[in-house]
Structures are given as C-alpha cells and as structure tokens.
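Heads up: the structure comes next, in structure tokens.
The values are calculated or read from the model by the stated rules, or taken from the named source; none is laboratory data. Being a predicted model, the structure only gives us computed values, none of them experimental. Ideal geometry is used to build each Cβ from the backbone, glycine not excepted, and the neighbour counts take in all protein chains shown.
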Ligand code: MIC
Ligand code: SF4
C-alpha cells in the first residue's frame, strides 16, 4: 500500500502497538532536545531515574529562554543543567549560542530521524523531514533514559502545495493561511504532511517556519519531504552526508487533505489575541504601529534576517517605532556581521539583541501600554509580550521590516508608499558549527550536581485514592492556554525550578483569586480542587509547570470539552485526571464552589465512562479515553511513581 512519509518513519521506529490512527503506540526516539525553562524539571526528573548515559543517538541541552540573568536564579539553572547534562553524555549549548530549534536544524537535524523535545515548537525539525515532536519534560526525561516515547498514532492530514509564492509573501504567510483554514485546534490528533509541486519552491528554512507553527494548529507534528533543497541546506551547514531523500509513496492516501495554492496567498497577519485570528494585511488597514520585532524560532533564519536587512538597507526605522531583532543563532549573527547586513540593520535604527527567545516569551522588550506590536513570532496570546494591554499581530519578516519603515502595518506587495524596494535573491552561504557555544559532554567520572538555592524539588502525587474529591475552583472558557494556566515572563521565568513560588501566580491573568482559592480547597474539607474548561484546554506550550503547579495547589481533576495533546499528557504524567465531558453541555450544569466526587475511582477507570457526583446527587458523565498505560500511571499517582516502582521491582 502506498504510504505517507509520516507512517514510513513511524513504522521504522515502532517499538510497541499497532500503527492505526487513534491507537497507543511506542516509538524509538533517536534524538532529544531540552531548553532551560523546561529543562530544569527534565534534569531533576532524570536524576530521580537512576540513569547512566542518554539512550538517544544525540541529546542536547540548550540554554535560550532565560538569558536575562537579572538575579542569580537563571545562571544557577544554567549551571545545574550543564552539570546534569554532562553526567549523562548530553551536549550543552551555552547561552548566546542561539534558539534551540534553529540550532538543532543547523547542527543535528537529520531526515528520517525522530526527535523529542521539551518544547512545543520541536516540530521545526519537520522542515528537514524528521518526525520531531514536542512533549512535557518528564516524557523527554524518559526518552533520554529509555530512548522511547508513547503517543496516540496520528491521522495524517496531507497538505498539497501548488504554485509559487509571490515576492513579499513568505513561509509565515503560508502557515497563517493554514491556521485561518484549520484553527488552533484543527491539527489535534494529526500530523500535517506537506506534498505536491509547491514543496520544491520552498527552502528548508521556509519549511521549518511552516512546521514550527504547526504547533499552533495543535498538531502532533508537521513534516516535509527531504529533497534537493534539504540537501542544499545540510551542505550549507557542512553536513551534506546527513542527507537522505525521503517522500511519501506516489498516491499515498491521506486521512484528510487540504490544497493550498501558494500563488494566491497574500501577506497575512494574525490579529490579537490568537494565532488563528488571521486576515489579509491589506484588509486590516494601515494601523499605526509602535514596535516591530523580528526573530524567534519561527522566523530568525539567515534568509529571514537577510531579507529584513535588504529592506532596511539605506532606509530609516520610523521615529515612532522600536525595531528589535533577535537572530536565531551565533552562526547567523556572525554571518550578518561578516557580510555587512548587521551594519545595514543597525544603521537603519534596529536594536539588535541576543540570539535567544527574548521578547517572544516576554524576556525583555515589552512594548508600551496599549501598543501595537508586529512580531514574526508564533504566539500572540494576551499578555505574553509582558504588556497586558498590548495588541500583538503575528506577521512575516518582510511585513515586519517594511512596516518598521513606514510606521504603519504595510502590505509590501501594494507598495502604496512608493518605496520601490526590490527583494534580492539571498546568495547561498556556508556556515560552520561553533564549538565555542556547543560543549561536548566531559569524559571520565561523573561531576557533582550544581544545585542553586532557587532549585526546589518537584511535587509528587500519591496513588489514586478510593474516592477522588474536590471543590470546583474554576470554570473557564474555550482555548485556555498554558500561558493562562502558568504565565511566563521575565518576572516568573527565573522561578521555573521553584514550583512553590510559581504557584502564587497560577491563572493570575484570568482569575487573580485562583491560587488562594485552590490552596484553601486543598487545605480545607474538600481536600483538593477541580478545574473545568471548554474546548482545547491547555493549548500552547509544552510546559509541565501548567500541570505541576496545579498539582502543588491540590488540583485532582480537570474537566474540559476537549484537551490539547501535550497538556493532557502532562496532567496524566502528574497523576491529575483530564476528563472530557461526554456531553459538551455537561459544563453548563456545574457551579463554582460545589464539591464533586468520583467514587470508586480505580474501578471507574475500567468503565466505559466516568461519573462524577455533586453533593446533591446530580451525575456528570465523562468520557473514559485513557489507554492502559495511562490508566496505570493515574493509578500510581503519576509517571515518576510508576517508573520508581518499576525500578524498585
Ligand atoms: C513557548 O513558546 O511558549 C515556550 C516558552 O517555548 C514553551 C516552553 C516553556 O514554557 O518553557 C513551549 O512552547 O513549549
Ligand atoms: Fe523560544 Fe518563542 Fe520559540 Fe518558544 S516560541 S522556543 S519562547 S522563540
């Protein structure tokens, strides 16, 4: 049977299970990546697992999120991660080296391999023909320890690309177009696989922009074939030998298909406050902007920044606009410095900042109150920029650069400003791995762990009790993000290894009274709390803090109309039950403050559906969609408990 590329790679990595969409499977993981804001938990968990060396072919610990170092906390985390990584044969990428996903493409991505990363944008590797999946920290710790990962076998959504993009329209507009078509939950349970004649018109880094932001579709991952453009990219990184051509079989049957004619796409923007709130730049109109930011793991490649530099060369950033550039890697910045593009950017009035996530995760460069900020990033959730009333629009590097000159949101295609900018072809370059940022693990005996005072143990759950009971402490709406559950910005990121401290800020942006209410329910008669939400609960990042902090606050159950993939797994890993309403109207009969109980909890896990009762005896029916291994984890009170008891046996 003609196979999709997704299933070819999954098949060659299958360890357990039947490769049928919807079934639980376990696959071999060839590579792992972590970043620092999820990494401290990964390495604390790894230490709890008694592991010698990484089981993967390549494991890399990147430092790119918390690099402001406004106090000792971030630097202590970096030292901790470096010390644990070194003990287990894991490479270490120093702060300043660049953004994990960009660096992984440059230095380690290999077509046909599997990659598991503790960051939701790990699918960037799909641009090179990898099955690259984002997961919670504990799942990545297990992949480092055991070289495997369990997931639900996905459906494959084939996106057929035809035509060719016009000048001023780029890969970012392609994924924004797809987000408008499919929405932020359109990819749940699916791998998005690209094929068709339009593929050859996109470079490997264009493809990586598209697969990166497939995370915003809620997809398990996204993937492109590996072809001559993939080879050219690997050769430019001095790794031509890592190339293998890969594609779906002719006539492969996709579970669903979408046809995208690249020639018809215009410059697009995702308006506040969701990546799928997409409209043509020309129809949004020439709104005045205050900030334009180019960078992030979505759009910080050499080509992206060279295009921005070409647009800005010999011109000036508008006096009312702050233009900020965060390059994807030291190799890219060094090239821009050598060929003069950096000077073009600086002379135009750009603020060039460190090669790191930076403003994408609110680590600096927060715009002024009520500002309009154009960003080439992937998420524009309310408040993520660090300014709660800022209006963030997600755009391409071309749109961000030209708008920085005009001071208003500008459609470069229309050129109503008469700037007459010709976008040049970017000549191919060669790069070299920078050993001054990438540190190989030391040989010899294991070094001591560097444990700073801000690094606190992570909370552990207890085995599933006879009756799971709690007070309903929050009823939330649809599309609750992990940024809503556990906000992250320059104020809170230094505390990623301190769950007790973070717990005071849980749900802060949408309900400032939540943390105190949950703690009171935990310490009071109810003995715990319950959260209810709408569709796509927990969309966004992979941060398991959005499960560990609720665990610390005594949350026992999360009820929702549907869950985002990574967050659902993180809840189960923490021993918190994510239960989907059997009837979507189920949420309407709930009242905040009432106590709900799941009697005979262990037994109910074997029933077709799960019943919760209110004190008045009203019954709420929830789906029991747990796999056998998920049930075992929930009974044990989380994945770590299960692993520990297996180790003890
Ligand atoms: C993000 O873009 O939201 C992050 C910060 O990279 C997260 C990881 C984290 O919260 O540390 C992600 O995407 O997984
Ligand atoms: Fe970093 Fe932003 Fe990419 Fe997350 S989305 S990895 S914060 S650059």
### Query
Quick one: how many residues across the stretch 245-267 are under 30 Å from residue 103 (Cβ atoms) and surrounded by 14 or more Cβ atoms within 10 Å (Cβ to Cβ)?
7
### Task
May I ask you to list the residues in the stretch 510-541 that are out of contact with any helix residue (DSSP H, G or I) (no Cβ under 6 Å at 6 or more places or on another chain) and either within 13 Å of residue 570 (Cα to Cα) or within 16 Å of ligand 1 (Cβ to nearest atom) (or both)?
536, 537, 539
### Task
Given the conditions (1) buried (at least 24 other Cβ atoms within 10 Å of the Cβ); (2) assigned to a loop (DSSP other than H, G, I, E, B); (3) out of contact with any helix residue (DSSP H, G or I) (no Cβ under 8 Å at 6 or more places or on another chain), report the number of the one that residue 56 does not fulfil.
(3)
### Task
Quickly run through the stretch 453-494 and pick out the residues that are away from ligand 2 (no atom under 16 Å from the Cβ), more than 18 Å from residue 574 (Cβ to Cβ), surrounded by 18 or more Cβ atoms within 10 Å (Cβ to Cβ) and under 23 Å from the mean Cα position of the chain (by Cα).
476, 479
### Message
Is it the case, given these coordinates, that residue 467 is under 27 Å from residue 641 (Cβ atoms) and touching a strand residue (DSSP E or B) at 6+ places or on another chain (Cβ under 7 Å)?
### Response
yes
#### Entry: Residue that is more than 30 Å from residue 231 (Cα to Cα), at pLDDT 95 or above, touching a strand residue (DSSP E or B) at 6+ places or on another chain (Cβ under 9 Å) and exposed (fewer than 15 other Cβ atoms within 10 Å of the Cβ), where the choices are 358, 370
370
### Query
Identify, please: which residue in the stretch 331-380 is assigned to a helix (DSSP H, G or I) and within 16 Å of ligand 1 (Cβ to nearest atom) and is, among those, nearest to residue 64 (Cα to Cα)?
358
### Message
If a residue must be surrounded by 15 or more Cβ atoms within 10 Å (Cβ to Cβ) and either within 15 Å of ligand 1 (Cβ to nearest atom) or part of a loop (DSSP other than H, G, I, E, B) (or both), how many such residues does the stretch 59-73 contain?
### Response
9
#### Entry: Meets criteria (within 16 Å of ligand 2 (Cβ to nearest atom), closer than 20 Å to residue 98 by Cβ and either surrounded by fewer than 24 Cβ atoms within 10 Å (Cβ to Cβ) or free of Cβ contacts under 8 Å to residues at least 24 places away in the same chain (or both)) for residue 333
yes
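Could you list all residues from the stretch 110-140 that are within 17 Å of the chain's Cα centre (by Cα) and more than 16 Å from ligand 2 (Cβ to nearest atom)? Walk me through it before giving the result.
Going through the stretch 110-140, the residues within 17 Å of the chain's Cα centre (by Cα) turn out to be 114-127, 130-140.
Residues satisfying the conditions are 114, 130, 131, 138, 139.
Look through 351, 375 and report the one residue that is more than 16 Å from ligand 2 (Cβ to nearest atom) and either surrounded by fewer than 20 Cβ atoms within 10 Å (Cβ to Cβ) or closer than 21 Å to residue 172 by Cα (or both).
Details: 375 fails: more than 16 Å from ligand 2 (Cβ to nearest atom).
The conditions single out 351.
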### Message
Looking at 502, 474, 464 in this structure, which one is outside any loop (DSSP other than H, G, I, E, B), within 30 Å of residue 525 (Cβ to Cβ) and away from ligand 1 (no atom under 16 Å from the Cβ)?
### Response
474
### Query
What number goes with the only condition from (1) touching a helix residue (DSSP H, G or I) at 6+ places or on another chain (Cβ under 6 Å); (2) farther than 29 Å from residue 34 by Cβ that residue 544 does not pass?
(2)
